[in-house]
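For reference, the structure is listed below as structure tokens.
The values are calculated or read from the model by the stated rules, or taken from the named source; none is laboratory data. Quick caveat: nothing in here was measured; it's all calculated off a predicted structure. When we count neighbours, we look across all protein chains shown, and the Cβ atoms used for this are built from the backbone with ideal geometry, even at glycine.
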Amino acid sequence: MRWGILAFLFFGFLINYTDKSVTGFAAVSIMEEFSLDYSEWGLVGSSFFWFFSIAGVIGAAISDRVGTKVMLAILLMAWTILQLGAFAIAGLPLLVLYRIALGIFEGPFAPIAFSHLSKWFPPESRGTAIAIVNLGSTFGALMMAPVIVFIMVNGGWRTAFAFMGVLSLIWFLLWIWLGREKPQHNMSPNEQVAVVGKMKWSEVSPYVLSPSSIFTMLASFACFWIVVWNAVFLPSYIIKTWHFTEMQMSYVLAGIGIFSGLGGIGISFASDKLYGKYRSYRKARVYVGGTAMLLSALLLLSITLVHSIVWNIIALALVGSFIVSFLTIQPQIMMHLLPERRGFMASLGTSFQNLAGVIGPLVTGYLIQMAGSNESLGFSYSLQFSVVLLVVFGCLFVAFVKPDVPIRSKKESMNISLWTEDSI
């Protein structure tokens, strides 16, 4: 049953990330139809994430109370309605409104899915399981490109959006029929904690405000900046700077997606092996994740210096592998800090990283527009900015994130203090 659950979440991520990326696949067509420049296109990309993070925290917190299965069903039904309504989009205002609404209902999916998956897989195999599920996001973000572009070329970009609505509806119906909530026996003893009552800030704040939490979220922000750049600007980058056709662009994205997904699974499997050997989140998760970030920075910098399409494709594929592996590690660290609030903690990581979706497209659009007619130079500016984020936050992540060090709430600290005084 747990592999069936994993398959469901895999395809859920595929739909989720294709929904995010389909607008990017159709970027050139939409920009031409609505006469948009790169700054306005950055606004379209950003609008998806305006309420994404808030919705992610709220939705995940609710899922800790009502159950992850129910919340996942609600989200997929909402996607269905919004995507089938894409034929009503007739201009920039409606396009932005559509993206805002879609972002609200897609925001909670990742943390809820990770929370649901953690109920079915123990810690020693959870990294690989999350990596496989994340492969669905890579499929959606890149490997679905040929399918979506084919539909778009033959039926228009609105038809491609509606196609995704049909996929969401199919997933929803099958999930209602076959989905399951949780098997307690697959959780480790310290994770089998019943969550009752409302969450109090005084109880969770020591975990939320700990260096391990803060610098994990910042590192995740930097990595998701690359994900957003790929979704919003990579198709245009390939068409405008490499002078590829839309179908050629889709094949390149598919190739990058295959390598990125498989590479991410390989790195996550190695991380799980390290955890099995050392039982240390710092050695198995932090060191692996930090190394992935710094290598990604070097590869992105090389794209701006080495003017070779072949090398650029290789570099983007390797970066994809490293970023996928980090985004697999991040929720594991967050949930490890406070297992009984795994949905809430996972949502903090994913919601904070999604702030990159709000800021990234606006900054990138401005940088490209700043270069004027030299679009290649503008794209180089945006990549160099990404390099700085990866290096700075990657170093801070390695230096300060120590998930194996226990964090005590104020209540626990008070109990320990009273016990010590009584003993004396």
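Applying a threshold of 7 Å to beta carbon distances and a minimum spacing of six or more residues, or different chains, the list of pairs starting in region 44-61 at a residue that is within 13 Å of Leu75 (Cα to Cα) and ending at one that is of a type in the set (Phe, Trp, Tyr) and in a helix (DSSP H, G or I) reads Ala60/Phe344.
Residues in region 330-376 that are buried (at least 18 other Cβ atoms within 10 Å of the Cβ) and hydroxyl-bearing (Ser, Thr, Tyr): Ser347, Thr350, Ser351, Thr364. Please work out which residue is nearest to Leu97 (Cα to Cα), limiting yourself to region 70-80 and to residues that are touching a residue at least 60 places away in the same chain (Cβ under 8 Å) and in contact with a Ser or Thr (Cβ under 9 Å, 6 or more places away or on another chain). In this case the residue turns out to be Trp79.
Residues of region 244-295 that are more than 18 Å from Gly394 (Cβ to Cβ) and either in contact with an Asp or Glu (Cβ under 9 Å, 6 or more places away or on another chain) or of a type in the set (Val, Ile, Thr) (or both): Thr245, Val252, Ile256, Ile258, Ile265, Asp272, Tyr275, Gly276, Arg279, Ser280. Scanning region 103-116 for residues that are crowded, with 24+ Cβ neighbours inside 10 Å and not acidic (Asp, Glu) turns up Gly103, Gly107, Pro108, Phe109, Ala110, Pro111, Ile112, Ala113, Phe114, Ser115, His116.
Based on what the data block shows, is Phe121 in contact (Cβ under 8 Å) with a residue 24 or more places away in the chain, surrounded by 18 or more Cβ atoms within 10 Å (Cβ to Cβ) and in a loop (DSSP other than H, G, I, E, B)? Yes. Taking region 238-288 as the range and being of a type in the set (Val, Ile, Thr), farther than 23 Å from Gln332 by Cβ, crowded, with 19+ Cβ neighbours inside 10 Å and touching a residue at least 24 places away in the same chain (Cβ under 8 Å) as the test, the residues that pass are Val252, Ile256. Within region 216-226, does at least one residue satisfy the condition of being buried (at least 24 other Cβ atoms within 10 Å of the Cβ), within 18 Å of Val310 (Cα to Cα) and at pLDDT 90 or above? The answer is no; no qualifying residue exists. Annotation: of all residues in region 28-62 being polar (S, T, N, Q) and surrounded by 18 or more Cβ atoms within 10 Å (Cβ to Cβ), the one that is modelled with the highest pLDDT is Ser47. The number of residues in region 60-85 being touching an Asp or Glu at 6+ places or on another chain (Cβ under 7 Å) and of a type in the set (D, E, K, R) comes to 1. Select from region 301-328 the residues that are buried (at least 24 other Cβ atoms within 10 Å of the Cβ), of a type in the set (A, V, I, L, M) and modelled with pLDDT of 90 or more and write down the one among them that is nearest to Ser376 (Cα to Cα). Per the stated criteria, the residue is Leu316. Being small (Gly, Ala, Ser), over 18 Å from the mean Cα position of the chain (by Cα) and more than 22 Å from Ser347 (Cα to Cα) is the requirement here; does Ala90 meet it? Against the criterion (small (Gly, Ala, Ser), over 18 Å from the mean Cα position of the chain (by Cα) and more than 22 Å from Ser347 (Cα to Cα)), Ala90 qualifies. When Met217 is tested against (1) farther than 30 Å from Glu375 by Cα; (2) outside any helix (DSSP H, G or I), only condition (2) is not met.
Can you confirm whether Leu95 is of a type in the set (A, V, I, L, M), modelled with pLDDT of 90 or more and buried (at least 17 other Cβ atoms within 10 Å of the Cβ)? Spelling it out, Leu95 is indeed of a type in the set (A, V, I, L, M), modelled with pLDDT of 90 or more and buried (at least 17 other Cβ atoms within 10 Å of the Cβ).
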